[in-house]
Amino acid sequence: MTQIQSDTETKILDAAKKIFIQKGLEGARMQEIADEAKINKSLLHYYFRSKERLFSAVFKFAISRFIPKIERVFDSKIAISAKIELIVEQYISLLLKNQFVPIFILHEINRHPDRLVELMTSAGIKPKLIVSQIDEEIKKGNLKPISAQNLILNVISLCVFPFAARPLMQRLFFENNRKAFNDLMASRKKEVSEFIIRAIKA
């Protein structure tokens, strides 16, 4: 891929992310994405043949920036509580910048669960590594006895649900003020990590 092709693809992905955040998968139109990227629609279709393929590419692009940071956290020698703090911080930061991600995941869970697993594993997610580290911390007595899967589900749920329910939460609590909603989500980085650590600390 040439530099020009790479730049064009990045421009398309950035434009698509903006439109998907505003309108979701169903509401977004390829022409709108082409207009936002300042290219013609035929060029957009040359790079991405369908809206679904483009949505998948945007998801992988967002996740690929997140996974290496998580890998570095789990490869580090810091305490498990510090790892949880960093993971929650990185996860919520990802969701603040890419608020279409929970919508995409919920959409794919029901329609193409196998494709979603393939996307996540190809992006570098290694659940077995995470599970083994949690189990080791339990054996050392640093954590209360809890299944690693439950701990992972708790972290994901507390981070993701407000974003998945954002259309409702933003209207219900903030009169549809996006900034006020985002400010609360940013404050949840500390709130969620402290809640989880209090619950599992031996």
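Laboratory data are not the source of any read-out in this text; all were calculated from the coordinates shown. Please read these numbers as outputs of a predicted model, since none were measured by experiment. Cβ sites come from the backbone with ideal geometry, for glycine too, and all protein chains shown count toward neighbours.
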Checking 59, 173, 163 against a Gaussian network model of the chain (alpha-carbon springs below 10 Å), the top fluctuating residue turns out to be 173
Over segment 1-140, the quotient of the Cα radius of gyration and 2.2 N^0.38 Å is 1.21
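Quick one: putting +1 on the C-beta of Lys and Arg, -1 on the C-beta of Asp and Glu, what dipole do you get for the chain around its Cα centre, in Debye to the nearest 20?
Approximately 140 debye in magnitude.
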The long-range amide H neighbours of residue 143, using H built 1.01 Å from N in the peptide plane and a cut-off of under 5 Å, are 138, 202
Among 96, 168, 44, the residue with the largest mean-square fluctuation in a Gaussian network model of the chain built from Cα contacts under 10 Å is 168
Charge dipole of segment 50-101 built from unit charges on the beta carbon (Lys, Arg +1; Asp, Glu -1), centred at mean Cα; most positive-end Cα among 76, 95, 50 is 50
The chain, Gaussian network, Cα under 10 Å: of 51, 18, 144, the residue fluctuating most is 144
For segment 163-169, Karplus-derived ³J(HN,Hα) couplings (6.51, -1.76, 1.60; θ = phi - 60°; whole Hz; x for glycine and proline) come out as 6, 5, 9, 3, x, 7, 4
Sparse-neighbourhood loop hits (trypsin sites (Lys or Arg not before Pro), segment 84-184; DSSP loop; Cβ within 10 Å at most 16 others) -> 140
Placing each pseudo-label 7 Å from Cα in the direction of the beta carbon, residue 74 and residue 161 end up separated by a distance in nanometres of 2.4
Under the Karplus relation with 6.51, -1.76 and 1.60 and θ = phi - 60°, whole-Hz ³J(HN,Hα) for segment 81-98, x at Gly and Pro, equal 5, 5, 5, 4, 4, 5, 5, 4, 4, 5, 5, 5, 4, 4, 5, 5, 7, 9
The percentage of Cα-Cα pairs in segment 1-49 separated by more than 13 Å is 51
Checked against a 21 Å limit on the C-alpha separation, the offending pairs among 18/51; 77/139; 38/179 are 38/179
Along segment 180-187, Karplus-curve 3J(HN,Hα) (6.51, -1.76, 1.60; θ = phi - 60°) to the nearest Hz, with x for Gly and Pro, reads 5, 4, 5, 4, 5, 4, 5, 5
Cα-based Rg and Dmax for segment 59-200, in Å, come out at 15.6, 47
If N is the residue count of segment 135-184, its Cα Rg over 2.2 N^0.38 Å rounds to 1.68
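Which whole-number percent gives the relative contact order of the chain, counting Cα pairs below 8 Å spaced six or more residues apart?
Relative contact order here is 22 percent.
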Per the 1/(1 + (r/R0)^6) rule, R0 = 41 Å and r from the Cβ atoms of residue 43 and residue 149, FRET efficiency to 0.05 is 0.40
